[in-house]
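Asks: My structure is below; once you've seen it, I'll send some questions.
The values are calculated or read from the model by the stated rules, or taken from the named source; none is laboratory data. In this text, all values refer to a predicted model and were calculated from it rather than measured experimentally. Glycine also receives a Cβ, built like all others from the backbone with ideal geometry; neighbour counts cover every protein chain displayed. When the accessible area is computed, the model is the full protein with side chains, heavy atoms only, and any ligands, DNA or RNA have been set aside. Shrake-Rupley method; radii C 1.70, N 1.55, O 1.52, S 1.80 Å.
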Amino acid sequence: MRDDTMIEEGTLLWEPDARRIDEANITRFMRWLNDTRGLDLSDYDALWRWSTEHLEDFWAAAWEYFDFKATPYEQVLTTREMPGAEWFTGSRLNWAEHALRHADGNKPALYHCSEVRETTGTVTWRELQEQVAAAAEALRQLGVERGDRVVAYMPNIPEAIVGVLATASIGAIWSSCSPDFGTPSVVDRFSQIEPKVLLAVDGYRYNGKAFDRMAVVEHLQSTLPSVEHTVLLPYLDGNADPSRLTRTETWDQFLARGAGAALRFEPVPFDHPLWVLYSSGTTGMPKAIVHGHGGITVQHTLAGHLHSNVSPGDVCFWFTTTGWMMWNALTGMLLNGGTLVLYDGNPAYPDMDRLWRLCEEVKITQMGISAAFLTACMKAGRRPRDHYDLTHIRGMGATGSPLPPEGFQWVYDAVNPDVHLASSSGGTDVCAGFVGGVSTLPVRAGEMQARLLGASVESWDDDGHALIDAVGEMVITRPMPSMPLFFWGDDDGSRYRESYFEMFPGIWRHGDFIKITSRGTCIIYGRSDSTLNRYGVRMGTAEIYRVVEDLDAVQDSLVVNIERGDGQLYMPLFVVLADGTALDEALEKAIRDKVRRDLSPRHVPDAIVAVDGVPRTLSGKKMEVPVKKLLLGYPEEKAVSRDACANPETIDAYLAFRRELVN
């Protein structure tokens, strides 16, 4: 056990100094608002309240401040009704034009490396512009027009960035899946939107192992009849032969089609579709979520500049794949002139210092990583600052799951004692954050610093009453520009309404449990549909994970609460143990005693079960609801999609446990 490492939630860990506050982008913005709007905003809380109470004025001010390259708008917001809000009506713009408007000649636009391309490479702004222009012209020659769909089965590499920029520049619609997605998962996603062009790699490498994907590309060609052309990037094997595929050319041949073309952008309406993202699809067909050029442009520009404090010259990294919304958010750093750092591979291969070495090599200033990776580094006893120069990291983001207080403390002890650590939470649904970082505010262990500008986030009880210092449903009471335009194929909007507006009509219910403190900070307690309800007390799963995984013997865990056939509640805790550790009576007692002591008797599980792994989505989230459905007796095909699971082999242990419950 590491009881000595447990720190109290809310412990103050870092405060920005006067100079950092004075020079922050958000401070400059607030001064500008005061000067040009006759306001008297003195701190972040006042700014946030103005941004949500005077929603139209706030976004009109942001439009002016960021000087978006667009035709004039008629109205900032037609109505505050959700769904139904329309933003900046009458305006025309192009996301790709904004993403490249800070291009700066031969300075780096992209750094990139992978397990395939081990040496870190550089793409300059000029090279990026030339490749985007060539790819866009090639797409036009292949018959791609405004509104057509271009899909990519590619990893997080420069070619994917070129692809999304080129697609958007002509008003076509982008969608991507990471090549670690299994064939059915890709078909489930891409078949919904009927793409015209497929960009694909022949394979990839992960954790030192090669994965050939040519058979998957062949299958996609045969099951996606709308695909007229395929572009193959020989990535894993530089000599990969496209002749085994139909209507296929290589990436080099594709770019050669448009070599020398001029860079141009198609102005499209503010709400013209930009890309399609997908829900996890763990318990059914993934929702195809459509976002617009305008909403993403204004939301990502504001978030990157004001909350992440990104300006031209910043070097921005987020560990992600093309199948997770954080890849789209990473591309958003281009909107403020940030240089992107792309990495494809296992972040812990060949060792857990791989990303820290990359930080030192290219001098990353804004680093994003999953809470799970930070926790793994902490549990492994790593101290990267002892071996690498990480002093240039000014901002650090963590998301994917709640970062426990000990993870916060570890960052300040082992990475950089003067970093702005921003734990954040948002969603694929809006391709943005709701709560997260503000570089002018203090950082407290286990807490997200604030609700983000323009995000009218509240915590509600079941009757729709707002709560402070109490856990409730996370709701958004006013529209945001990047809320989905629609779900693809959801012609009457019923699936969209059911997803967010069924519990509180006209109010977006996101599906997370949140506590907003009297200081304005926020704590996420996990998904509300996987909430533990024990003897009338609702508990978030995240607080149990924090306590259980503080034990050296426990590497990972998952807990669910189900109602058995006799009407009794039953809460099993599944644990993944450290190598060489057995779940004996002493360890079971240690777990129960720790949960009882650190939380309460209500939190103590009814059973503790050792398993080989915790099922996770392709973006790394614990699959609590599918496991709960399995244990409730749902047929496997209705409870969980193995193709939407990053480690489907782990499902078998939970099926075996279900059989034990029945017997």
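Asks: What are the pairs, 6+ residues apart or on separate chains, where a residue within segment 435-448 that is at positive phi has its Cβ under 8 Å from a residue that is surrounded by fewer than 24 Cβ atoms within 10 Å (Cβ to Cβ) and of a type in the set (Asp, Glu)?
Replies: As it stands, the answer is Gly446/Glu9, since those pairs meet every condition given.
Asks: Quick one: count up the residues across segment 277-295 that are out of contact with any Leu (no Cβ under 9 Å at 6 or more places or on another chain) and assigned to a strand (DSSP E or B).
Replies: Count: 2.
Asks: Here's another thing I want to ask about it. Please specify each residue of segment 91-136 satisfying the condition of being over 12 Å from Val162 (Cα atoms), touching a residue at least 40 places away in the same chain (Cβ under 8 Å) and more than 27 Å from the chain's Cα centre (by Cα).
Replies: Within segment 91-136, Ser91, Arg92, Asp104, Lys107 meet the criteria.
Asks: Follow-up. When you go through (1) open to solvent by less than 50 Å² (accessible area, probe 1.4 Å); (2) closer than 25 Å to Thr428 by Cα; (3) not in a loop (DSSP other than H, G, I, E, B) one by one for Leu661, which number turns out not to apply?
Replies: Every listed condition holds for Leu661 apart from (2).
Asks: Still on this model: Answer yes or no as to whether Glu8 is loosely packed, with under 14 Cβ neighbours inside 10 Å, in contact with a helix residue (DSSP H, G or I) (Cβ under 8 Å, 6 or more places away or on another chain), charged (D, E, K, R) and under 30 Å from Asn416 (Cβ atoms).
Replies: Criteria met by Glu8.
Asks: Looking at Ala470 and the list (1) out of contact with any strand residue (DSSP E or B) (no Cβ under 8 Å at 6 or more places or on another chain); (2) open to solvent by 20 Å² or more (accessible area, probe 1.4 Å); (3) hydrophobic (A, V, I, L, M, F, W, C); (4) closer than 27 Å to Ile507 by Cα, which single condition is not satisfied?
Replies: (1)
Asks: Restricting to segment 374-396, count the residues that are open to solvent by 10 Å² or more (accessible area, probe 1.4 Å) and either polar (S, T, N, Q) or part of a strand (DSSP E or B) (or both).
Replies: So the first thing to find is which residues in segment 374-396 are open to solvent by 10 Å² or more (accessible area, probe 1.4 Å), and the list is 375-376, 378-383, 385-389, 391-392, 394.
Pick out the ones that are also either polar (S, T, N, Q) or part of a strand (DSSP E or B) (or both) and you get 375, 391.
So the answer is 2.
Per-residue answers, yes or no, for (1) part of a helix (DSSP H, G or I); (2) over 19 Å from Leu330 (Cα atoms); (3) touching a Pro at 6+ places or on another chain (Cβ under 7 Å):
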| position | (1), (2), (3) |
| --- | --- |
| Asp271 | no, yes, no |
| Trp275 | no, no, no |
| Thr297 | yes, no, no |
| Phe317 | no, no, no |
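Asks: Give me a count of the residues in segment 152-176 that are aromatic (Phe, Trp, Tyr) and open to solvent by 10 Å² or more (accessible area, probe 1.4 Å).
Replies: The number of residues fulfilling the criteria is 0.
Asks: Filter segment 437-464 down to residues that are of a type in the set (A, V, I, L, M), in a loop (DSSP other than H, G, I, E, B), out of contact with any Leu (no Cβ under 7 Å at 6 or more places or on another chain) and closer than 16 Å to Leu55 by Cα, then give me how many there are. Reasoning before the result, please.
Replies: From segment 437-464, those of a type in the set (A, V, I, L, M) are 438, 441, 443, 445, 448, 450, 452-453, 455, 457; that's our starting set.
Those left that are additionally in a loop (DSSP other than H, G, I, E, B): 438, 441, 445, 452-453, 455.
Now restrict to residues that are out of contact with any Leu (no Cβ under 7 Å at 6 or more places or on another chain): 438, 441, 452, 455.
If we keep only those that are closer than 16 Å to Leu55 by Cα as well, we get 452, 455.
Residues flagged as of a type in the set (A, V, I, L, M), in a loop (DSSP other than H, G, I, E, B), out of contact with any Leu (no Cβ under 7 Å at 6 or more places or on another chain) and closer than 16 Å to Leu55 by Cα within segment 437-464 amount to 2.
Asks: From the list Thr36, Thr78, Thr52, exactly one residue is touching a strand residue (DSSP E or B) at 6+ places or on another chain (Cβ under 9 Å) and surrounded by fewer than 16 Cβ atoms within 10 Å (Cβ to Cβ). Which is it? Before you say what the answer is, go through the steps one by one.
Replies: On the way: Thr36 fails: touching a strand residue (DSSP E or B) at 6+ places or on another chain (Cβ under 9 Å); Thr52 fails: surrounded by fewer than 16 Cβ atoms within 10 Å (Cβ to Cβ).
Answer to the check: Thr78.
Asks: Being open to solvent by 10 Å² or more (accessible area, probe 1.4 Å), in contact with a Leu (Cβ under 9 Å, 6 or more places away or on another chain) and farther than 24 Å from Gly620 by Cβ is the filter here, so list the residues in segment 502-520 that pass it.
Replies: Gly520
Asks: Here is a check on your reading of the model: is Val144 within 18 Å of Trp174 (Cβ to Cβ) and either surrounded by fewer than 20 Cβ atoms within 10 Å (Cβ to Cβ) or in contact with a strand residue (DSSP E or B) (Cβ under 7 Å, 6 or more places away or on another chain) (or both)?
Replies: Details: within 18 Å of Trp174 (Cβ to Cβ): yes; either surrounded by fewer than 20 Cβ atoms within 10 Å (Cβ to Cβ) or in contact with a strand residue (DSSP E or B) (Cβ under 7 Å, 6 or more places away or on another chain) (or both): yes.
Yes.
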